[in-house]
Every structure is written in C-alpha cells, then in structure tokens.
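First comes the structure, then the notes that go with it.
The values are calculated or read from the model by the stated rules, or taken from the named source; none is laboratory data. Just so you know, these numbers come straight off a predicted model, no measurement behind them. We place every Cβ from the backbone using ideal geometry, glycine too, and count neighbours over all the protein chains shown. Each accessible area value is taken on the protein alone, full model and side chains, heavy atoms only, with ligands, DNA and RNA left out. Shrake-Rupley method; radii C 1.70, N 1.55, O 1.52, S 1.80 Å.
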Amino acid sequence: MKQCTHADALPHPEPVPLSETCPECLAEGMDPVQLRLCLSCGHVGCCDSSPGRHAAEHHKESGHPVMRTHEPGETWRWCFVDHVLV
C-alpha cells in the first residue's frame, strides 16, 4: 500500500487556521462545500466538491503537500503529492 512521504515533515503543533472559511470563496461570493486546512501554513481552502477547488489550488501554487479536513468531528488528512490518506 502506498504511504505518504511527507507526514513526518509536518510542523508540530499544527498551524493555526488563518481564517474560519475559504477567503477565496468569500472574495468571489461563493459558498464552500467543505473546508480543508493546510498543515504547512494554516491556509483554509474549499474542497474539490466546491466550485473554486481552492485547497487544491493552494497546493498547486505553494507545493504544500498535506491538508486535513477542517470540518467538525472529522480528522482525516490527504497528501496531494502521494494521493493517499495520511
């Protein structure tokens, strides 16, 4: 089974979220479907089910590999580079 090669390099503790919602969605007048937190810098972006797909866009622009869900009661993480749950 493929594993994430980036999880060990993530900062501890996790970065503080830079916002409560996706700032790009706010600026564009859209509602995010679900939110993701970048575990490298704290950027909050919307998921791939949202029209803007800003979490994936943040990964493309920054190269930051791992995000986790920013939804209450959820704890999973996703590595954009290795395409696996962490």
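What's the longest bit of the chain with no exposed GluC sites (Glu not before Pro), using DSSP loop states and at most 14 other Cβ atoms within 10 Å as the test? For GluC sites (Glu not before Pro) (loop position, at most 14 other Cβ atoms within 10 Å), the longest site-free span of the chain is 21-73. By the Kirkwood approach, averaging reciprocal distances over each pair of separate Cα atoms, the chain gets a hydrodynamic radius of 12.9 Å. Taking amide H atoms as placed 1.01 Å from N in the peptide plane, the amide H of Leu39 lies under 5 Å from those of Val66, Met67, Arg68, each 5 or more residues away in sequence or on another chain. Relative to the current alpha-carbon distance between Gln3 and Ser62, full extension at 0.36 nm per residue lengthens the span by 19.1 nm. When the residues Ser49, Ser19 are ordered by accessible surface, computed with a 1.4 Å probe over the protein chains alone, the sequence from largest down reads Ser49, Ser19.
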